[in-house]
Amino acid sequence: MDITALDQPELAGEIIDVIVKEGMVDREKATLDATIESLDLKSIDIVMILTAIEEKFDVYIPMDGPFHDAKNVADLINAITNHITKEKSKPDA
Amino acid sequence: MRDARRIIVTGMGAVSAAGLGAPALWHAAREGRSCIGKAQFPRPYRGRIKIAAQVRDFDPAAHVTPAELPFCDPVTQYLFAAAEEALAQAGLAQAKPMGPRTATIIGTGIGGMHTLDNGLHLAIVEHGRPDPLTVPRLIPSACPTQLSIRYGTTGPCFAVASACSSATQAIGIALQLIRAGAVDRAIVGGTEDCVTNSAMLAWEALRVLTPDYCRPFSDGRNGMVLGAGAAVFILEEAECARVRGATPIVEIAGYGTSTDAKDPVRPDAQGAAACMRNTLADAGLDAEEIDYVNAHGTGTTANDMTESEALGLVFGKRRLPVSSTKPIHGHGLGAAGALELVVTIGAVCENVAPPTINWRGVDPKCPVDPVPNEARPMRIQAALSNSFAFGGINASLAVRRAEAA
């Protein structure tokens with residue numbers, strides 16, 4: 001089963017920090033149900049966010065994952081949380 | 001005014017992942033044969049994207065003299081080979097010096113990327129002594145100036161550096177110079193080789209490279225593949241070419257360009273549509289007269305969606321055959337428009353729309369007829385070739401069958 005933001009509130013909080021910083025978004029607007037569009041996050045902003053996530057959590061995020069299909073902040077956080085958790089649970093991680 | 005001076009192509013040449021020669025490139029495109037493979041680098045490479053359409057087994061000594069070689073990055077070497085082929089076909093191999101009525105205009109996004117990569121590694125990592133010819137070899141303008149020196153072309157000479165629209169703009173501006181009467185002939189085209197260690201890593205960081213297959217306009221597409229190479233064309237004013245008995249291959253009927261003025265990386269459908277409309281107007285062609293479009297079609301989510309929308313704005317609901325041959329020869333960046341003009345000319349000359357390979361299903365956001373997976377024999381009197389670049393620079397060329405000219 002996929003792990004969601006609600007299962008790991010601490011990790012979700014850290015991811016929101018990255019979205020706010022790299023996406024240059026107002027923190028109050030970065031709610032879970034805020035759409036990517038309403039935050040004016042363009043594809044290059046998502047690139048910057050994913051790159052910062054890779055740096056911060058020392059994971060590789062493939063470019064053909066579900067990250068680019070995220071419709072809102074919750075989707076994005078879930079996709080990232082799920083990926084980080086899977087990567088970190090690999091035996092060689 | 002346009003009717004006064006028509007511009008024809010009398011020769012073309014190419015070096016690409018398909019090998020040496022314009023025919024090799026066209027045949028690979030027509031047959032849907034991908035030339036992408038595992039990328040090779042002179043030093044250890046840590047990138048996660050392992051594939052590219054590199055020029056392989058190129059022998060510089062076969063095309064570049066020992067005196068020229070120290071001044072030639074691989075991009076200039078490819079250009080020499082492509083120019084030799086183009087001038088031979090045009091019947092101008094012995095026409096040296098070509099003089100002040102010939103322009104030399106070459107598009108390249110970066111210029112000597114291999115020289116940069118090697119030079120920086122030598123200087124910063126190895127603390128070595130730089131090659132004294134590093135600068136003259138890497139400057140983008142080395143591409144056209146080396147040609148001018150070899151062929152004695154003393155007319156206008158410059159490089160166009162408009163990223164992925166470079167070659168198309170170089171060819172287009174030459175068309176305008178000939179049409180305006182500033183010159184009678186031009187050696188034009190594009191060249192690029194950014195398949196180097198650092199450039200591949202930089203492209204990977206942008207997250208636009210596919211780890212597996214480039215599948216333009218297709219459901220499930222996930223990015224582009226870098227390609228390398230060069231293509232050169234001899235453009236001539238039709239009457240000058242006729243007088244010397246040259247055979248026209250096709251007419252370059254029109255050129256159009258536009259600028260989005262919006263976003264450094266995100267393409268814009270309105271800007272792309274304006275570019276295609278400008279091209280049609282310049283060529284004096286109606287949208288209905290275009291039979292085939294060789295798309296920019298990078299295989300990225302954003303480009304293909306936006307280009308499809310733009311094509312809809314220009315051509316309406318008509319199911320116009322639109323293919324991208326980038327899964328064959330890769331995305332040649334500054335050379336892309338030249339490599340794809342070779343393919344577009346092939347399509348017009350042989351009445352075959354080359355396929356978009358690796359296509360596996362409809363993406364509702366790309367409502368075009370992508371000529372999926374197999375070439376389509378069809379009547380092609382006129383065709384369009386699109387190039388769209390970072391920064392929002394759009395450029396297109398319209399090609400028309402020579403006998404229809």
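No lab work stands behind these numbers, since they all come straight from the coordinates. None of these values were measured; they are calculated from a predicted model. All Cβ positions, even for glycine, are placed from backbone atoms using ideal geometry, and neighbour counts span all protein chains on display.
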- Reported to two decimal places, what Rg/Rh ratio describes chain B when computed on Cα atoms with Rh from the Kirkwood expression? 0.95
- Message: Quick check on packing: order B:51-57, A:16-22 by the mean number of other C-beta atoms within 10 Å, highest mean leading.
- Response: B:51-57, A:16-22
- Task: Could you name the aspartates and glutamates whose alpha carbon sits less than 18 Å from that of A:K88, not counting residues in the same chain fewer than 8 places away?
- Result: A:D2, A:D7, A:E10, A:E14, A:E54, A:E55, A:D58
- Message: As a test of understanding, state the convex hull volume per residue of region B:312-405 from its alpha carbons, in Å³.
- Response: 119
- Item | Viscosity 0.692 mPa s, 37 °C: Kirkwood-radius Stokes-Einstein D of region B:103-156 over Cα pairs, µm²/s | 268
- Message: Largest first and in whole Å, what are the equivalent-ellipsoid semi-axes of region B:167-318 based on the Cα gyration tensor, each being the root of 5 times an eigenvalue?
- Response: 31, 21, 14
- Item | P(r), alpha carbons of region B:116-206 - 10 Å bins starting at zero, rounded % | 14, 36, 29, 16, 5, 0
- So how many Lys-Lys pairs in chain B land under 26 Å Cα to Cα, not counting same-chain pairs under 8 apart? 8
- Query: What is the local net charge at B:I124, summed over the other residues whose Cβ is closer than 15 Å to its Cβ (Lys, Arg +1; Asp, Glu -1)?
  - Reply: -1
- Query: If you take the C-alpha gyration tensor of region A:6-93, multiply each eigenvalue by 5 and take the square root, what semi-axes do you get, largest first, in whole Å?
  - Reply: 21, 14, 12
- Task: Working from the alpha-carbon coordinates of region B:171-222, get Rg over Rh, Rh being the Kirkwood radius.
- Result: 1.26
- Task: Specify the inter-centroid distance of region B:167-215 and region B:139-160, based on alpha-carbon positions, in whole Å.
- Result: 16
- Query: How high is the relative contact order of chain A, given as a whole-number percent (alpha carbon pairs under 8 Å, six or more residues apart)?
  - Reply: 39
- Query: With no solvent and one point on each alpha carbon, what is the Debye value of log10 I(q)/I(0) for the protein assembly as shown at q = 0.06, 0.11, 0.12 Å⁻¹?
  - Reply: -0.28, -0.89, -1.03
- Item | Placed amide H near B:A17: partners under 5 Å, 5+ positions off or other chain | B:A228
- Query: What is the Cα centroid distance between region B:338-364 and region A:21-87, reported in whole angstrom?
  - Reply: 36
- Rounded to whole Å and sorted largest first, what semi-axes of the equivalent ellipsoid does the C-alpha gyration tensor of region B:32-118 yield via the square root of 5 times each eigenvalue? 30, 16, 13
- Task: Over chain B, calculate the relative contact order: mean separation of alpha carbon pairs under 8 Å at least 6 apart, over the residue count, as a percent.
- Result: 24
- Item | Peptide A:42-48 - average C-beta neighbours from other chains (10 Å radius) | 4
